[in-house]
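As structure tokens, the structure follows; a few thoughts come after it.
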Amino acid sequence: MKIEFADSFSKSLKRLMWHESRIYKTYSLFRHDLPRFFSNIWRFRRGLWGYYWWDHHGLLKFMEDGLTHMSDNVEKKGIEVDISRLKKVEKMRRAVQLIQNYNNDSYTEMAEKELGEIVYYPFEFEEIPDKPGYSRLVEKESEEEQEHNRKVFQRSRDIGESEWNELWEIFKGQDHNDYIKKVNGTEENGDDNNNLWDEWFNGSGMRSWWD
């Protein structure tokens, strides 16, 4: 049996060998790596400026900026088919929004939109009759207003907890075993499962976010 290789194979092999050479790696360092490095410094400047070893908000800021850049490019330049690619873009942007809500502590404002604004009164202090020289804060809110404020603050905490869990569910992605079960169920019923993946996949799962 005679084995022959197409010209494209030889060209690909030569290109691979060239990319592994020291000359090319030196060229790539100055042509690609260093420009990308300085570009990334600018892209992640807000995260770099706001990063402290003792606070996790800076780490989330890196993720926000990285996901914003990734989602824009996957949407415009991605080569994957639209039906799955755009689902991924949607989940990336939802993750960005969730990170922004967390870092900006937007939950009280969101709760107020649902339940009404928190009742505030200017601080006012009064002297304590039996403790000369001591003062206490005067509570001006009625019982109804205090109950309303408690509901708003509780709703704010609930929203924050729900969105935090949603963020990590997006990163984790779906359980592939659920898809296998759907495939097996479809085969047992004799149904066509050609579009089953497109129907099941929702775009979540950071490990699938690449192009």
- Message: Which of 122, 132, 35 ends up with the largest GNM mean-square fluctuation for the chain, with Cα atoms connected below 10 Å?
- Response: 132
- Return one number: the angle in degrees, 0 to 90 and rounded to the nearest 10, between the long axis of the Cα atoms of helix 82-103 and the longest principal axis of the Cα atoms of the chain. 30 degrees
- Item | Spin-label model distance (nm) - residue 93 vs residue 53, 7 Å beyond Cα toward Cβ | 3.9 nm
- Table column - 3J(HN,Hα) (Hz), region 29-38, Karplus curve with 6.51, -1.76, 1.60, x for Gly and Pro: 4, 7, 7, 10, 5, 5, x, 5, 4, 5
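Is it possible to state the helix-based mean residue ellipticity at 222 nm for the chain, with each DSSP H run of 4+ residues giving -39500 (n - 2.57), the sum divided by total residues, to the nearest 500 deg cm²/dmol? What is it? Show your work: numbers first, answer last.
Numbers: 10 runs with 135 residues, N = 211.
Computed ellipticity for the chain at 222 nm equals -20500 deg cm²/dmol.
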- Note on the structure: Amide H proximity to residue 173 below 5 Å, modelled H, separation 5+ or other chain, gives 205, 206
- Item | Across 91/181; 61/182; 14/172; 11/77; 61/113, pairs whose alpha-carbon gap is larger than 32 Å | 61/182; 14/172
- Angle between the chain longest axis and helix 143-172 axis [Cα atoms, degrees, rounded to 10]: 10 degrees
- Note on the structure: Nearest 10, in degrees from 0 to 90: the angle of helix 176-188 to the longest Cα principal axis of the chain is 60 degrees
- Could you tell me which label, among (1) 16.6, 53; (2) 16.4, 49; (3) 27.9, 108, carries the value of Rg and Dmax of the Cα atoms in Å calculated for this structure? (3)
- Between residue 142 and residue 103, what FRET efficiency follows from the Cβ-Cβ distance if R0 is 30 Å, with the result rounded to 0.05? 0.30
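Each reported figure results from applying straightforward, stated rules to the coordinates on display, with no laboratory input. Everything numeric in this text was worked out from a predicted model, so none of it was measured. As a convention, Cβ positions derive from the backbone with ideal geometry for all residues, glycine included, and neighbour counts pool all protein chains shown.
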